[in-house]
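J.: The structure follows.
The values are calculated or read from the model by the stated rules, or taken from the named source; none is laboratory data. Computed from a predicted model, the values in this text were never measured in an experiment. Positions of Cβ are generated from backbone atoms using ideal geometry, with glycine treated the same way; all protein chains shown enter the neighbour counts. To get the accessible areas, we keep the full protein, side chains included, count just its heavy atoms, and leave off ligands, DNA and RNA. Shrake-Rupley method; radii C 1.70, N 1.55, O 1.52, S 1.80 Å.
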Amino acid sequence: MSKPTPLSGFPELLPAQRFVEQHVSDSLRRSFELHGFASLETRAVEPMDQLLRKGETSKEVYVLRRLQAGDDDAATTADSGMGLHFDLTVPFARYVLENAGKLEFPFRRYQIQKAWRGERPQEGRYREFTQADIDVVMRDELPFHFDVEVARVMAEALSALPLPPMRLRVNNRRLIEGFYRGLGATDPAAVITAIDKLDKLPADAVAGLLREAGLDDEQTRLCLALAEIESTDGSFAERVRGLGVEHELLDQGIDELTQVVEGCASVNGDRFQVVASLSLARGLDYYTGTVFEIFMDGFENLKSVGGGGRYDALASDGRTTYPGVGISFGISRTLVPLMSRGLLSADRSVPSAVLVALADEESRDASNRVAQRLRARGVPTEVAAAPQRFGKQIRYAERRGIPYVWFPGVDGAADQVKDIRSGDQRDADADAWTPPADDLRPRVLSTGTTGTTTPSTEEQQ
């Protein structure tokens, strides 16, 4: 068999990289559960009519189809009407509708799962990827304080990760729509679409789009002035009002955005900031209030690594509406570029903290017994693969990042354990010895802007 060619857009991780991904997922899971969010996993496939509700993504849906039609024509037809989900929001909305009678509302859920999207692969954009979503859903009406809650939960969760500094940019659709209506814009949706392109086009080009949407020069100037406003506190409100535009919807949006920013003020720090950013519009038409986007400092080329918002009518069965608010974080989108650049890694490629040396094959049973005693006390341990010279067994451990080598005693001598990093070697009892907590599990190493490599400070479990 010839060497296989890698599939573009379907990242496969090396063992040390996979540990980083698991570490991040586990950390997010702990953070979400601390806030009462329940874990959920939905099926990989959805009916095509559900997936195509977001029409602009229709070219990116992977269709599920059997290679050969079966004898059951009805089953074959059903198969052809299914596709792989491209996000976790569509399947979640369907899940809520199907299980509404069994769920308690408000329903807080988190979901860490793969999705598939048939787009052109590039750094940070993959055809198969893992993301983490949190949402709060209610029946009929969702109080606004949940917008603040999901922002805080995601901010706290991301702050705990060994990643570059991040920003959660927040805006409010009511604010910007009310501003445009107060200006006299006849088509606020077209203005929002134009402003949403500011991260892709220069301001002059966006100004041209605004004029095409029917705005005059003064209206265009005010729209661009609004988009320049950013703040980590409620001071943005005075700057917005200083532009002289008035509208009832604008006042409501300012109040809601102020609640989110001030509600997250205690989360702001060196590694994470929640920022009111009035250029943020997000083109998805089901967001009706708060909108979010997550950016990673120094990696602006990736654009946003997460986003979300409030959707007042995403799920409805015709009788009952289920409004919700949520945020999605792209785990693959964030981690794969960092790991490929060598900025994020693990200090070993195996979970083992100890390698039990093997003097000869006759002593394998004895080495296995030592390993089992260590494992019984929660110490990840493996036995050397072959009875080579001890120097080679130590190098075997070094290549894998295993910090300790255990030498079983012979002829009544005590066992000894060697820290192969420092060279320290001492007597040890497999029923009492435990490595330091930092060595018990692999550690995530992140390289900062100074070029130094430091372990993740988060508790390993």
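J.: Would you be able to say whether some residue in segment 298-307 is modelled with pLDDT under 95, in a loop (DSSP other than H, G, I, E, B) and open to solvent by less than 10 Å² (accessible area, probe 1.4 Å)?
T.: no
J.: Checking R53 against (1) in a loop (DSSP other than H, G, I, E, B); (2) out of contact with any strand residue (DSSP E or B) (no Cβ under 8 Å at 6 or more places or on another chain); (3) under 30 Å from D347 (Cβ atoms), which single condition isn't satisfied?
T.: R53 satisfies all of (1) in a loop (DSSP other than H, G, I, E, B); (2) out of contact with any strand residue (DSSP E or B) (no Cβ under 8 Å at 6 or more places or on another chain); (3) under 30 Å from D347 (Cβ atoms) except (3).
J.: Next up: Only one of (1) at pLDDT below 95; (2) under 22 Å from N99 (Cα atoms); (3) open to solvent by less than 60 Å² (accessible area, probe 1.4 Å); (4) part of a helix (DSSP H, G or I) is not met by F32, so which one is it?
T.: Against the list (1) at pLDDT below 95; (2) under 22 Å from N99 (Cα atoms); (3) open to solvent by less than 60 Å² (accessible area, probe 1.4 Å); (4) part of a helix (DSSP H, G or I), F32 comes up short only on (1).
J.: Could you tell me which of the residues A353, A376, A357, A371 is among the aliphatic types (A, V, I, L, M) and open to solvent by 10 Å² or more (accessible area, probe 1.4 Å)?
T.: Within the list A353, A376, A357, A371, the selection yields A376.
J.: Please determine whether any residue of segment 5-16 is in a strand (DSSP E or B), at pLDDT 95 or above and not basic (K, R).
T.: Scanning segment 5-16 turns up no residue that is in a strand (DSSP E or B), at pLDDT 95 or above and not basic (K, R).
J.: I would also like to ask the following. Please determine whether any residue of segment 443-452 is part of a loop (DSSP other than H, G, I, E, B), closer than 29 Å to R341 by Cα, open to solvent by 80 Å² or more (accessible area, probe 1.4 Å) and modelled with pLDDT under 95.
T.: Checked segment 443-452: at least one residue is part of a loop (DSSP other than H, G, I, E, B), closer than 29 Å to R341 by Cα, open to solvent by 80 Å² or more (accessible area, probe 1.4 Å) and modelled with pLDDT under 95.
J.: Within segment 319-328, can one find any residue that is open to solvent by 10 Å² or more (accessible area, probe 1.4 Å) and under 20 Å from the mean Cα position of the chain (by Cα)?
T.: Yes: one or more hits.
J.: Given D204, D140, which one is within 25 Å of V325 (Cβ to Cβ), out of contact with any helix residue (DSSP H, G or I) (no Cβ under 6 Å at 6 or more places or on another chain), among the charged types (D, E, K, R) and open to solvent by 50 Å² or more (accessible area, probe 1.4 Å)?
T.: D140
For every residue, the table says whether it meets (1) closer than 19 Å to Q22 by Cβ; (2) of a type in the set (K, R); (3) within 14 Å of the chain's Cα centre (by Cα); (4) assigned to a loop (DSSP other than H, G, I, E, B).
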residue	(1), (2), (3), (4)
F105	no, no, no, yes
Y110	yes, no, yes, no
A115	yes, no, yes, no
T130	yes, no, yes, no
D135	no, no, yes, no
F146	no, no, no, no
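J.: Being hydrophobic (A, V, I, L, M, F, W, C), over 27 Å from F299 (Cα atoms) and part of a helix (DSSP H, G or I) narrows it down to one residue among A207, A189, A151, A155; which is it?
T.: A189
J.: Counting only residues that are under 30 Å from G318 (Cβ atoms) and modelled with pLDDT under 95, how many does segment 110-138 have?
T.: The qualifying residues number 1.
J.: Which residues, counting only those in segment 293-345, are hydrophobic (A, V, I, L, M, F, W, C) and more than 27 Å from F10 (Cα to Cα)?
T.: A313, L314, A315, V325
J.: Further question on the same structure: Would you please list the contacts, defined by Cβ atoms under 7 Å and residues six or more apart or on different chains, that run from a residue in segment 335-346 that is assigned to a loop (DSSP other than H, G, I, E, B) to a residue that is of a type outside the set (D, E) and modelled with pLDDT of 95 or more?
T.: Listed by first residue and then by second, the contacts come to nothing, as the list is empty.
J.: Given the structure, is R364 in a helix (DSSP H, G or I), open to solvent by 50 Å² or more (accessible area, probe 1.4 Å) and touching a strand residue (DSSP E or B) at 6+ places or on another chain (Cβ under 6 Å)?
T.: So R364 fails the test.
J.: Please work out which residue is most open to solvent (accessible area, probe 1.4 Å), limiting yourself to segment 164-186 and to residues that are touching a helix residue (DSSP H, G or I) at 6+ places or on another chain (Cβ under 9 Å) and more than 23 Å from G263 (Cβ to Cβ).
T.: Here the answer is R181.
J.: Could you list all residues from segment 210-221 that are surrounded by fewer than 18 Cβ atoms within 10 Å (Cβ to Cβ) and either in a helix (DSSP H, G or I) or free of Cβ contacts under 8 Å to residues at least 12 places away in the same chain (or both)?
T.: Once the filter is applied, which keeps residues that are surrounded by fewer than 18 Cβ atoms within 10 Å (Cβ to Cβ) and either in a helix (DSSP H, G or I) or free of Cβ contacts under 8 Å to residues at least 12 places away in the same chain (or both), segment 210-221 yields R211, E212, D216, D217, E218, R221.
J.: For segment 237-257, give me each residue that is touching a residue at least 24 places away in the same chain (Cβ under 8 Å), more than 15 Å from L222 (Cβ to Cβ) and either open to solvent by less than 60 Å² (accessible area, probe 1.4 Å) or acidic (D, E) (or both).
T.: Once the filter is applied, which keeps residues that are touching a residue at least 24 places away in the same chain (Cβ under 8 Å), more than 15 Å from L222 (Cβ to Cβ) and either open to solvent by less than 60 Å² (accessible area, probe 1.4 Å) or acidic (D, E) (or both), segment 237-257 yields E248, L249, D251, G253, I254, E256, L257.
J.: Within segment 260-272, does at least one residue satisfy the condition of being open to solvent by 40 Å² or more (accessible area, probe 1.4 Å), over 30 Å from E98 (Cβ atoms) and of a type in the set (K, R)?
T.: Yes, segment 260-272 contains at least one residue that is open to solvent by 40 Å² or more (accessible area, probe 1.4 Å), over 30 Å from E98 (Cβ atoms) and of a type in the set (K, R).
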